[in-house]
Each structure stands twice: as C-alpha cells, then as structure tokens.
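Report on the structure given below.
Values quoted throughout were computed directly from the atomic coordinates according to the rules given, and no laboratory measurement underlies them. Keep in mind the model is a prediction, meaning the values are calculated, not measured. Methodologically, a virtual Cβ is constructed for each residue, glycine included, from the backbone with ideal geometry; neighbour enumeration extends over all protein chains shown.
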C-alpha cells in the first residue's frame, strides 16, 4: 500500500484501544496518591485577563470562557495553550477565591464537554494538561465536591492511558518531551498504573539523545526551545525523585549540559536572544530555570554543533548565529537568519532581530521568519533559507565560523552558502570587538559570479532613538542616555520602519539599512562605536585582523 506507515498505524490502533470502555482496568482513585509541584511562576496580569474571559499568550489573545472549547479557530499555539491548561498557574498566582472558582469552572466545563478540536488530543497538549491538572490539584480541586473530583480523576486516568498509547509522539521536536513529562506525572500521581512509568522510561533516554546534542544545545537551535526543553527535563527529574524512581543518567547529563548552553543565549538583561522562533522570555523565569537545573559550567561561548557565537567584552554582548539551520522535523519554527547578530550594552538592547509572533496570523509568522527580519545581509530580497509553513526548504548546507581572541579582543570570520542555488553566492561576515567592548567593526562581502544588489539591516530595539546625520552616520541613543554611532563606508545609509516582536506585544521600531546596488563593489565595511569615538585607535570602519593589519 502506497504511503502506508506501520508505526503510525500501530500507534493509532493503540490510542483507539486505550479509549475502549471495556478495556478500562482498575478503579479510579479518589485523589492523586502523591502531590505534583509546579515550579514555575504565574503571571498575575494574565491571571486578571483570565478572570475577564481572555487568555493572552505569544503576543495574541483569544477568548477563554465556559462553552468556548469547541472553537477550533485561531492560531495553533493559542489552541494548544488553551487545551494544555498551563495558564492555571496564572490564576493560582492571584490567590483569590474568584481565581480558584474560575479555574474549577473551566476544568469542569472542559471535562463535561470535551472539545472536538484535534489539537486538544495531540500528545504534547495532553501531557501539558495532565501535568497542569495534577500540579494545581490542591488549588482548584482539593476543596471541590466529591462529584467534581471523581470526574476529574476519571478524566486524568483516561487521558494518561491514551497518552501512554500515543507515545512515542509523532512530533520530532521539543513537544515530545512535554508528552513524556505528562505520562511521568500521571505515573507519580497514579502509582497503581505501573505501565505508565515503564513506558515513559522506555522512550525518555532515546528522546533525550535525539534532541539534546552532546554539547548541550537543543536540536531546534532556538533559545526558546532550549528553555522549554530544559524546563521539561528539570520537571521530569523532580517528578522521578518524588516517585522514588532513579532518574536515568541520560537525563542528569542532559540537564548539566543544557544549562551552560542556555546561558550563552542570555543578553545583559538576563533574557534570551531572538533567534529561530524565540521571544525574550522573562529574565526571572530564565534565572529560575537555570537555578532549578543546578550547577554546571559556564559553557563554551561557541561550539561546532550549537553554532552560536558569543563575544563579550566590557559591557557589550554580541551574539551571532553561525550554525546550519536545524534539520527537517526540528525546523518547524526555524528562521532564515543565518549570520544574523544581536548586540546588547549592559542591560539595554541595541541591535536585535525582529523576534517571532508564534500565536499571530500566518502572514506575520512568515514575515518574522524572513531574512529581512534579521540583522544581517539580504541579497535581492531573497531569503537565505526558503521559508515554508512546516519548516524550511532550500537552506545553507555549509556554514563555517572561525574565532580568535587576543588581549581581550575578538575576531570572528564566518560564511554561508544559503544563496548558492539562486545566485551562486556566498555571504562572508567578518566581525571584530575591541577589548573594551566599545568598538564593534564589521565587513560583509558577497562572493558571486556576477554583481548583485543587497542590503544590510540593523534592527533597533524600540527603546533606542535613532537619528540620521548629514555625514551618513546614525546616532543611536539608549534609554540610559548613552550614545553610540553606526558608520559605514561608501554606501547609502537610511532609516526605515521596523517591528519588534520580542516582548509580550508587537512594538514599532526602526532599522538602519545599508543599500548596495548591483553595480557597486560587493562589500561593505561598518562600525558601531560608543559615543561616536574610535576608542580602539582604528579607522572607524576597519575590521582588524589578529595581526593588527
């Protein structure tokens, strides 16, 4: 039979069998045998919106009211979040009876009329829902009447049985870890169902090995996915300890490796860089996840497999994406941002990528993934990777970077061949950061059989005020009143509108654009200098090599 997948057929058959009433074994417990803890903070502002019947997530809002579960419209991420009930922590943080009753009402309504939306039964969504219901049981269910608690426990058992049958999940990214976490939470709270733990531990080590690279980077090469996966793995470790089950060594090792890699993606404000579908995330949450992960080295600022380079000197942090895009199956949220960069000064961001709008309309999501939404070079309005709804098509097959350090200064040379197929072109980027961190020099070169038009984009954080000077330089003022200057050599410089999607809602901002027509030399030298002065004693747009030439 053409297209027949025996693994998928057997998984679907197990799920159907798990739902058959005649196969339900054992009584439904009155309450969880062991408590499950939610270690992550809620958001009081989101909790207040939930009391008003609105759920905010990923920069978008959807109604969340009793009877509204059957609305299958809206962005997939919003639907998955609604059915996953992770928002219960946002009600819990309010600590009021109104919040408790609202949580109970919404859970009871979902159980009484399970939605037809297939999203509600995707393994990672079921895993998130099981974990959330158990973790907040004492908040919304412990004081409820016997009838509600019995219905809740019956649904938990049924969902756990279905999830056990659905594992291994079809999703090939971090969502598979969320599914396994849910089954382990069920195994801890429902120990009489011994098969749950056995099945989860059967697949957990292999899933970790597939998703976490030896140096600790997650396969999706996304700071957001790195954070989410590390959250799930630390929760799994604590669940196993609560259930008096020895965590597998693969789990312990992965957590120890992933924490240092996550630190590489932190800007000076403690929140995350905006690569491959990421938003800033709360610095408090990032710090808490790292604290939960426990001790671990600071991690290498670069790595062959991770592909990100971090240059840090003085108060400046420069993070550059120098790796190949994630492989098919793990590229669902990947961006066409190869060799893009972000620069922060202390706790303030200066140069950024636009970020992502994961719960927004498809057109917005596609625009945020385009090369033009990143601080890098764009040839003839073509993306360096082909952006598709389910991942990437054409993409760079060669991305290389070489880094040197001397006396506190950094040199980085990188290139990629993402435009090889349409134009036969290779993009070379050379970067230099002085030991003081107050001088960043760059040179971008297009190597191709023919001359091509291209632009360099430097997206600015919304808190940065930019003004174009008569000499073609751009004055950049931070909120702290510190001033920097962006200069470029023999190129058209302009200020254009941009959008920042790194926070809780879209914000207008600007971008500095360096435009090179097809008949011009195929290279641009530029520099970003504190106060407009050359503190390093170099020409204002020089990229200094290790020999000082």
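Apply the a/c threshold of 1.5 to the C-alpha gyration tensor of the range 6-211 and tell me whether it is rounded, prolate or oblate.
Verdict is prolate for the range 6-211.
Would you mind computing Rg(Cα) / (2.2 N^0.38 Å) for the range 418-535, counting N as its residues?
Values: Rg = 15.5 Å, N = 118, 2.2 N^0.38 = 13.5 Å.
Normalised Rg, Cα atoms only: 1.15.
Working out 0.36 nm times the residue gap between residue 28 and residue 483, then minus their Cα-Cα distance, what length gain in nm do you get to one decimal?
Values: separation 455, 0.36 × 455 = 163.80 nm, distance 6.51 nm.
Extra length from residue 28 to residue 483 when fully extended: 157.3 nm.
Take 467, 473 and order them by how many other Cβ atoms sit within 10 Å, fewest up front.
Lowest count first: 467, 473.
When you take every Cα atom in the chain, what is the radius of gyration, and what is Dmax, the widest Cα pair distance, in Å?
25.1, 81
Once each part is reduced to its C-alpha centroid, what is the distance from the range 158-202 to the range 69-132 in angstrom?
19
Pulled fully out, how much extra length does the chain show between residue 347 and residue 492, if you take 0.36 nm times their separation in residues and subtract their Cα-Cα distance?
Here the segment from residue 347 to residue 492 would lengthen by 49.1 nm.
For each of 69, 419, count neighbouring Cβ atoms within 10 Å of the residue's Cβ, then give the residues from fewest to most.
Arranged by neighbour count, lowest to highest, 69, 419 become 69, 419.
Rounded to the nearest 0.05, what FRET efficiency is calculated for residue 70 and residue 407 with R0 set to 56 Å and r the Cβ-Cβ distance?
With R0 = 56 Å, the Cβ-Cβ based efficiency is 0.30.
Can you tell me the FRET efficiency between residue 475 and residue 202 if r is taken as the Cβ-Cβ distance and R0 is 60 Å, rounded to the nearest 0.05?
Approximately 0.50, to the nearest 0.05.
Along Cα→Cβ, 7 Å out, is where each label goes; now give me the distance between the ones at residue 450 and residue 287 in nm to one decimal.
About 5.5 nm separates the two model spin labels.
What does the highest-first list of 230-241, 280-291 look like by mean Cβ count within 10 Å?
230-241, 280-291
Taking 25 Å as R0, compute the FRET efficiency from the Cβ-Cβ separation of residue 388 and residue 420 and round it to 0.05.
With R0 = 25 Å, the Cβ-Cβ based efficiency is 0.85.
I'd like the distance separating the alpha-carbon centroids of the range 444-502 and the range 312-371, in whole Å.
Between the Cα centre of the range 444-502 and that of the range 312-371, the gap is 17 Å.
Which stretch or stretches of the range 338-352 have amide N atoms under 18 Å from the point lying 7 Å from residue 520's Cα along the Cα→Cβ direction?
So the set is empty, nothing qualifies.
Sort 250-256, 145-151 by packing, meaning the average of other beta carbons within 10 Å per residue, with the highest value first.
Going from most to least packed, we get 250-256, 145-151.
Using packing as a proxy for protection, rank 402-409, 175-182 so that the peptide with the highest average count of other Cβ atoms within 10 Å comes first. Mind dumping the intermediate values first?
Values: 402-409: 13.0, 175-182: 26.5.
Top of the packing list down: 175-182, 402-409.
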